[in-house]
Amino acid sequence: MSSRGIRPEAWRRSGDARPSRRSVPPIRLHVKVIPGSSRDRIDGWLGDTLKVRVAAPPERGKANAAVEALIAGALGIPSAHVRVVSGIASPRKIVEITGLPEDDVRVRLTSG
């Protein structure tokens, strides 16, 4: 039961528009990664590209996993909601983020 006393099934039947993170389309972010840095950090935006530094070396997916964890931590979402979808072996990557609207992603990454 919800805080309103209505079962979740009733929301769907009643047409009550309850916002869902699953209804937000995935966002694709261009990311420039500098692996092997002294620490993990987000440097900011270079136009439409997010620049990040990770301490992990660029081998066997370690840097990619560090990028996913860093961005997820900055956004306050589980790391399962962030994944590298392109540029696996390149410093220029495309990262897909699910569960947040694009405006929220940009604000959180800019203020973080």
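Some notes on this structure:
- Efficiency of FRET from Cβ geometry, residue 89 and residue 45, R₀ 25 Å, rounded to 0.05: 0.60
- Relative intensity, log₁₀ I(q)/I(0), of region 26-111 from a Debye sum that treats every alpha carbon as a point, q = 0.22 Å⁻¹: -1.03
- Karplus 3J(HN,Hα) series, Hz, for region 46-51 with 6.51 cos²θ - 1.76 cosθ + 1.60 (x for Gly, Pro): 10, x, 9, 10, 8, 9
- Likely footprinting exposure, 108, 83, fewest C-beta neighbours within 10 Å first: 108, 83
- Each of 78, 57, 31 was scored by the projection of its Cα onto the charge dipole of region 26-111, and the greatest displacement toward the positive side belongs to 57; charges sit on the C-beta of Lys, Arg, Asp and Glu.
- Full-stretch length increase - residue 30, residue 102 - with 0.36 nm per residue and alpha-carbon distance subtracted: 24.6 nm
Values quoted throughout were computed directly from the atomic coordinates according to the rules given, and no laboratory measurement underlies them. The model shown is predicted, which means the values in this text are computed figures rather than measured ones. No Cβ is skipped: glycine too gets one built from the backbone with ideal geometry, and neighbour counts run over all protein chains shown.
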